[in-house]
Every structure is written in structure tokens, then in C-alpha cells.
Amino acid sequence: MASAVVNSCIELLTGTGNMSSLARTGLLAALASSTFSVVGMRLPVPAAFEELTIVACLFLMELGLQSQKKASQARPRGAGAKKASQAVAGSARKGSAADASASQPGGANAAGAVPPSPSEGLLASKLQAAARVGDLTTAEAMMEKLLASSSKPSVISYGVLISAHARAGNVAAAGRWLDALEESGLGSPNAICMNMVISACAKQGDIEKAEAWLEKMPRLGVEKDIMSYNAVIDACARIGDVKRAEGWLKKMREEGTSPNVVSYSSVLHACAKASDATRAEAWLKTMTDGDASSDVTAPNAICYNAVIHACSKTDRIDRAAFWIEEMIKQGIQPTVNSYSTIIDKLAKTGDVEGAEKWLTRMADAGVEADVVSYNMILSNYVKSGDAERATVLFDQMLARKVAPNTVCFNLMINIHARGGDTASIWKRLREMRRCGVQADKVSFNTAIKGFVKSADMPGAERLLQEMRAQGLQPDVFVFNAMLTVSARLKDLGRAEKWLRRMEEEGLDLDAGSYSAMIDVCSQVGDTQRAEQWLKKMEAQGFQASTTTFSILVQAVAKLGDMAGAERLLARMEAGKVDASSSTYNALISACAKRGDIERAERWLTRMATAGTLADVASYSAVVHACAKASDLPRAERWVKTMETAGIEANVVTYNSVINACARCGEAARAEGWLERMLAKGIAPCVLTFNSLINACAKAGDVARAERWLSAMPERGVQPDDVSYSTVIHACSMKQDPQRAEAWLEKMRSGVGGVVKPTAFCYNSVVQAWARAGDAARAAKWLTSAANVDVEVTAASFSAVVAAYMRSSGLAEAERWLHRMIAAGLPVPLSGSGSIESLASAWEHRGEKARASALRKLGTEVPVSSGASSRPSRQRGGGGNGGSGYSGRGGASGRA
């Protein structure tokens, strides 16, 4: 009995029928799986290698059996053999081109066909060898030669070529050769070959083709197996078509094939891909609740991970956590993927703390995190620019013995580069060498950004040397970075040096190169050269970006060349380059500085017409233009217009309109705008109060100006020299030198953090006492100013000279006149306190010699046409919302 069983098994394994082929395939698969499982404990074997080995073994087995059959057919014995020979011959006469097993996988040529020559056998071997190493071009060429030979290729040759194309993902080519095999009439491919083609379709997401080949299998004489159905369900899963995947699971049952865990896991992956967590959970529950009598198999870690992934995608982290707990209860160890799915979701949604908690939870569960899990969180820190927390996490990763990879280091380099932290960049590059991780081009191209941000040219040059030392050649991106650093340093010569080096290394300039050159020329104020680079850029077929044009427009506008700026804007429109709000704002601001309200308003209107949204800076610049022109009603109208447009005024806007009030001497209106500003929750700054004090000064209300100066510290704003000098000047203009002197004394005391007085403050007090007729007091303050190395103006000296002359102190007046000359200041030739006025006074007293000497002195020293009674303003408020009073609207005068 045992002998009969053994013989039956041998006959089954060596037979030519469908069952024999399936038995051989199953036995080989089981043996191979067991072998690779044992080997995998010591040495991991890639799945692709396992697959290739199994296919090769099947091929050799079938080839051996067919050779054995041919040999037996070539040696007929007795009547039975003769009848078999006659049967085969008869079959051949009926037109069969295949052998007796032509319908079986790997069948050989028919006995009645022309036997292959040695050269044709060599072609088949070459085809198989080429297919084995993935050389499909050679394999195809060998197949074409076989087709052209007298002995046609076997089913095995077709199968080898089809499988090779399927492994390479060449679905169209695999399908073409399957069709050719069908048309040849040689026989059918085996199930493994068909399954590989269906899997290839699945990997490419071509579900229609995968389904078509599955449906075609019976027609080709190939029986569908569980791998066939699973391949199609996998195709559905890859595109997230849950209904289709479920449909095939149902159909495989109906057609008598019981699904396995792979079938269910593919359906679960389809649910996860479609973000259908409810459906995924329902299928997993079906698996966990299945009994022994059903065909439902128990879920594995892959099934649970698919459901966890679906829950995480739909922000149901609590359910994901529940299924991890269920895994553990069922005795299934969660994997890295179980946790990393949750970590990735939390990191991407910005919940980095939650992601880190899950990372810790993963470690506590005894699951070793991989570098990918850490990179997920590091990526989020890069986006948020949180270098400190990224560093802590990176150190934690090293402490847990997780080896960082190139991506990990590049993320750290990126976060340091964004902050311009070049020291940390060097640290990471050194760590990469210590860890044996090779820095790639991305590492250096990312690092160079940090040196650009910090404008560190020596560091950037050193990085370039390091890059070359590691065998990497810098590309255009790196050289453009060097050009950008040159622009930040306003070093045109160095930028041109880097251009020459680019040419020496055979690198062509790109749009970034030209933009960097335009930037550096604009930075140094060489707008003509910048425009030349723009022309070169356009000549090479590159279109300048909005940013590049904006840089150039701002540079030209800054120089006051309105025509040039407007010409560039017209060029942008011609090139269909959208002008940004900053481009228009540069033009509006240039108009504002010139007080050209009409032009500023025209550009604001044109900005709206072009579809560019005006922002607070746009409106504030127009308000500033109105303030510059002392047109308060117009400034107030524009503030109302911007608020109607839904744009909230900011501190610059309010400073500008208060400055307009100051220029018009409207103290009450200035205070009203301050109240509106405070009501909007906008904190005033020192420029706000300086404009307000100036408004009071212009209105001649010194007490009001003093109140606002005293109120500044109470409102958390420290007065500056302009604040005090404005009040001092107001006292001076009100003919109250004693009050002005008191404020100067307070500044000189430095009590309470009061700023030191400027030249303007001293000159104001000197001239105030001079105008009041107290020449001695004026002279005292003039001496005090000189003693502290404060620049005293010619106007102050002339005021002291005039004051002494009015009090008949001509000798003292002449002494101060000589001190003025010794100070190198131009002496007024005529007018009050001039050489001529003093000479005339001496002449009036009968001192003609002294008068003559003074007139002669006037021909030998620098002189000015006259003297001003106003002190020279050292500094005004300046800029949008400036609070100073330069020009005729303020307190500036001539030296």
C-alpha cells in the first residue's frame, strides 16, 4: 500500500496533466518558502530574488520533464509505443503544431515538428539568460531570431519573456507576447506567468487591464488561483476603489476560491486609500469575529496597520489607538508602521507634541523606531523653523541608537540654514562624516542657503571647497548663491568674479544668475548697469520675475528717477509680468517723498486697475504724500477711503496724518487722530508723539507741547532728542529763553534716562537768549556747547555777535567774531551779526582803523551771503509719519 501511494505521488509529480503541473508548482513553492524562511533568519533575502528563483526552478523542472518525454518518444517500444507514435503522427497530420502537452504550462514542441538545431537551442538559452538579468532588449532579439528559425520557440520561451517584461513593469510588452503566444497555437502560459502580468498591471494602477487578463485566463486554458484574484484586488486597493475590491472578493468566493489574509488585507488597504475608516473597521471586525467554519481568516499585523492608517487619515487618532490595543490583546506585536502612521498624521497637522508622545509610546511598547519616524517630526520642525526642538529630537534619536540617514541630516541642515546658523551647519556636516553618512548635493545646496542668509562670504567659499573635496561639483544653484551673497554685501566686484568662475567651469547662466546680478547692481545704486543685465537676461530668453523687477524699480525710484521707474513698470506690463504691491508701493513712496500727491494718487488708481490689491503701505504712502504737501484734508480723505476699502490703518498711517496736522499747526486735530489711534488698539510710538508735540509747537501752544512731552513716559514711550528739541524750539519761538534753558538743563542732567542734548538744543537756547538781548547768557551756552564738543552753527555765533552789538559791547562782539572765524565757520558778509554790520558800528564810533581792518578781514576769510536767526536742525522725524519740521514748515535753518 505504501509503495502504491509513493508511486501515485511520483506519477502525479511527473505527469503532464493540469493536476500534475499544479502539484509540482505547489510543492516547489512550499519548499522554496521554507528554505527562504530559514535563510531569512540569518540573511534577509529580497522578495524579487525569491520570485526569480522560484520561476527559474519551475522553468528548469518543466524543461527537464519535457526533455525526458522527448527521449521516451524517440525510443518506441513494442506495440504500445508504435500506437503512441501513430497517434502523435496522426495528431500532427491533423495540423497540431504542439506536443502532447501543448495545453500545459511550459509545454514542448510537438513530436511531428522539426526538432531544434543546436544553434536554435543556444538562442533559447541566450533568451533565458538575458531575461534572467533583465536585459529585455537582448531577450526580445533572441525571440525574434527564434521566430525566424525553422523550429518555433516553445511555450517556455514565451513564458520566460512574458514574465521578464511583467517583472520590469512593461505591461504592454508582456500583453503583446501573451497575445502572440495565443495566436501561435503552441499552448497556454502557466498561472504564475499570468499572475505576474496581472500584478504588473496592478502596480501601474491599470485596473481595467488587470481585470481583463483575469477574465481571459479560462479562455487561455489557465485556471484562476488565489494569487490571480489577489492581484486584481490589489489593483483596486492601489486606486482606492473599495466597491470594486469588495466585488472581486465576493466573486472569488462564488467561483470556488477561498480568500486568504492577503485578500482581506488588500480590501482593507483599499478602504485606507479611500479614507473610509468606518468600512475598514467593519471588515476588520468581520475577520476578528469569523469562526472556524467560515472562510474568513484571522487578521495579521498588516491588516491592523491598514485600519490604523485609515483611522489616522480621517483624524480618528483615538480609534487608531484602540486598534493598537486590540492588536496587543490578540497577541499580535505592533510594528513600526502601526505607530509611524499616527506620528506622520500628527506631525503633518502641526501637533508635534502629540507626535513626540506617540514616539515615546512606541519606544515604551518595545517597538524600535526607525529614522523615518523621526524624519516625519523633523520635517514639521523645519516648516515651523523650530531649530531648538529639532535639535533636542535629533539628540534623542542618537541617544536611542537610531542611525540618522542623509535625509535626516539634510533636514537638520535645512532648519539651521533657514536661521542663518552657519556654526550648526558645520557641526552637522562633521557629524555626517563621523556617522559614515555621505553628504550629497542636496546637503551642500541646502547648507549654502544659510551662508546666503547670514551674508557670510568666507564661510560660503569654505563650503564650496568642502563640496569639491567630497567629489561633488557645484552647480549653477551654488554659484547663484555666491552671487546673492555678493548682492547682500553690495560687492559688485566680487559678484563679477563669481561670474567669471562660472564661465571657466562651463556653466551657463540661468534666470537666477541674471536676477542676482540685477540685485547686486541695484544694491550699489548702479541702476544703469542693472538695466543692462535685464536686457541680457531677456536676450537669452529668460523672463525676469516680479521680484527682480521690483528690486530694480525700487532702486530706480529711490534715486528719484520717476521716469525710469515708470518705464520699467511699462516694460513689466509689456512682458505680462504681474507687478506686485511692493512694486507699486515703491513708485507711490517715491512720489510721496517729493510731495507729488497727484502722481502718487495716479499710481494707486492704476494699481487697482491692474488688479493688484493695494495694501496698508500703498495707502499710507499716499497719506504721507499729502502730509508732505501740508494738505491735511486730502490726507484725512485717504484714511477714510482705505478704511472703506476694508484696510485697517496702522501706526505709519496715523503718524502720517498726525504729521499733516503738525505741518498745518492743527494741534486739536492731531490729538483727535491720536484718540482714534488708541481706540483702534494701535500703540503710538515716539514718532507719533513727536508729530503731536510739533503740532502744538506750530500752534504756539508751548504748555500743550510740554504736557505731551511729560506724558510720553507715562504711556510707555521714551522721548528722544527730537521730542525735547521740539519743545525747546517752541519755547525759543515764544520768546521764553528761560523755559527753553530749563529743558536743556534737564537733558544735561541725564536724570531718568533723559537723552543728552544735541547741537540743535544748544543752538536753540543760544539764539533764544541772544534774541532776548542777554548776550552774556547766550555766550555762556555757546561756550558750554563748545566744551562738550557739540557743533555750534554760524547762526548761533552771529546771534551772539549781534546781541553784543545791540548792547554796545563791540569789543566782545569782535572777540566772538574772531572765535567764529577760528572755528572755520563762514562769516556773514552783511546783515545782523555780520562783518559789515560790526565794521559800521566801529566806524560810527570813530574807530575807522578797526572798521577798515574788519572789512579787509572779510576779503580773507570764508563768508556767507547772510545770517539766519534760526538754528540748524540736525535731524527731523523723517520718513512716513516723521515728526520733524524740516524745510520752511519746521525749525530748520541754515548754517
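Inclusion of ILE308 among residues that are at pLDDT 90 or above, under 18 Å from VAL262 (Cα atoms) and in a loop (DSSP other than H, G, I, E, B) is not warranted. All of (1) without any contact (Cβ under 8 Å) to a residue 60 or more places away in the chain; (2) farther than 26 Å from GLN543 by Cα; (3) open to solvent by 10 Å² or more (accessible area, probe 1.4 Å) hold for ALA608 with one exception: (2). Out of contact with any strand residue (DSSP E or B) (no Cβ under 7 Å at 6 or more places or on another chain) and surrounded by 24 or more Cβ atoms within 10 Å (Cβ to Cβ): is that true of ALA811 in this structure? So ALA811 fails the test. Criterion applied to SER630, SER656, SER620, SER581 was being surrounded by fewer than 23 Cβ atoms within 10 Å (Cβ to Cβ), within 27 Å of LEU569 (Cα to Cα) and among the small types (Gly, Ala, Ser), and the one residue passing it is SER581. Tell me, please, whether a residue that is touching a residue at least 12 places away in the same chain (Cβ under 8 Å) and over 16 Å from ILE207 (Cβ atoms) can be found in the range 241-255. Checked the range 241-255: at least one residue is touching a residue at least 12 places away in the same chain (Cβ under 8 Å) and over 16 Å from ILE207 (Cβ atoms). Does GLY240 satisfy the criteria of being outside any helix (DSSP H, G or I) and either open to solvent by 40 Å² or more (accessible area, probe 1.4 Å) or in contact with a Cys (Cβ under 9 Å, 6 or more places away or on another chain) (or both)? Considered against the rule, which asks whether it is outside any helix (DSSP H, G or I) and either open to solvent by 40 Å² or more (accessible area, probe 1.4 Å) or in contact with a Cys (Cβ under 9 Å, 6 or more places away or on another chain) (or both), GLY240 comes out as yes. Kindly indicate the residue of the range 702-759 that is of a type in the set (A, V, I, L, M) and open to solvent by 70 Å² or more (accessible area, probe 1.4 Å) and also nearest to VAL788 (Cα to Cα) among those meeting that condition. Here the residue is VAL751. Highlighted here are the helices (runs of 4 or more DSSP H) found entirely within the range 595-699 that include at least 2 residues which are polar (S, T, N, Q) and at negative phi: 597-609, 616-628, 632-644, 651-663, 686-698. On inspection, ALA592 passes the criterion of being in a helix (DSSP H, G or I), more than 12 Å from PHE549 (Cα to Cα), in contact (Cβ under 8 Å) with a residue 60 or more places away in the chain and open to solvent by less than 30 Å² (accessible area, probe 1.4 Å). Here TYR762 meets each of (1) assigned to a helix (DSSP H, G or I); (2) open to solvent by 60 Å² or more (accessible area, probe 1.4 Å); (3) not acidic (Asp, Glu) with one exception, condition (2).
Can you list residue pairs whose Cβ atoms sit under 9 Å apart, with the first residue in the range 823-837 being at negative phi and the second being open to solvent by less than 30 Å² (accessible area, probe 1.4 Å) and aromatic (Phe, Trp, Tyr)? Count only pairs 6 or more apart in sequence or on different chains. Final answer for the pair search is ALA823/PHE797; LEU825/PHE797; VAL827/PHE797.
Checking the condition surrounded by 14 or more Cβ atoms within 10 Å (Cβ to Cβ), farther than 19 Å from ARG567 by Cα and of a type in the set (Gly, Ala, Ser), which residue from SER486, SER545 passes? None of the others qualify; the one that does is SER486.
Determine whether the range 531-538 contains at least one residue that is open to solvent by less than 20 Å² (accessible area, probe 1.4 Å) and within 19 Å of LEU489 (Cα to Cα). No, that holds for no residue. ALA355 passes all but one of (1) under 17 Å from the mean Cα position of the chain (by Cα); (2) surrounded by 19 or more Cβ atoms within 10 Å (Cβ to Cβ); which number fails? With respect to (1) under 17 Å from the mean Cα position of the chain (by Cα); (2) surrounded by 19 or more Cβ atoms within 10 Å (Cβ to Cβ), ALA355 is out only on (1). A single member of LEU692, LEU687 is in contact with a Leu (Cβ under 7 Å, 6 or more places away or on another chain) and either under 19 Å from LYS628 (Cβ atoms) or open to solvent by 20 Å² or more (accessible area, probe 1.4 Å) (or both), and it is LEU692. Only a single criterion out of (1) surrounded by fewer than 24 Cβ atoms within 10 Å (Cβ to Cβ); (2) not in a helix (DSSP H, G or I) is not satisfied by ALA321, namely (2).
Select from the range 139-152 the residues that are at pLDDT 85 or above and open to solvent by less than 50 Å² (accessible area, probe 1.4 Å) and list them in ascending order. The answer is ALA139, GLU140, ALA141, MET142, MET143, LEU146.
Within the range 673-684, the set of residues being hydrophobic (A, V, I, L, M, F, W, C) and open to solvent by 10 Å² or more (accessible area, probe 1.4 Å) comprises TRP673, LEU678, ALA679, ILE682, ALA683. Taking the range 599-620 as the range and being more than 23 Å from ASP561 (Cβ to Cβ) and of a type in the set (Ser, Thr, Tyr) as the test, the residues that pass are THR609, TYR619. Applying the criterion of at least 2 residues that are among the basic types (Lys, Arg) to the helices (runs of 4 or more DSSP H) found wholly in the range 477-552 leaves 492-504, 527-539.
The residues listed here are GLY350, GLY366, GLY420; of these, the one that is at pLDDT 90 or above and surrounded by fewer than 19 Cβ atoms within 10 Å (Cβ to Cβ) is GLY420.
With the requirement that a residue be of a type outside the set (A, V, I, L, M), open to solvent by 50 Å² or more (accessible area, probe 1.4 Å) and not in a loop (DSSP other than H, G, I, E, B), what does the range 766-805 give you? ARG771, ARG777, LYS780, ASN787, listed by residue number. All conditions but one from (1) surrounded by fewer than 15 Cβ atoms within 10 Å (Cβ to Cβ); (2) part of a helix (DSSP H, G or I) apply to CYS271; the one that does not is (1).
The values are calculated or read from the model by the stated rules, or taken from the named source; none is laboratory data. Just so you know, these numbers come straight off a predicted model, no measurement behind them. Here Cβ is always computed from backbone atoms with ideal geometry, including for glycine, and neighbour counts include all displayed protein chains. For the accessible areas, the whole protein counts, side chains as well, though only heavy atoms, and no ligand, DNA or RNA atoms are used. Shrake-Rupley method; radii C 1.70, N 1.55, O 1.52, S 1.80 Å.
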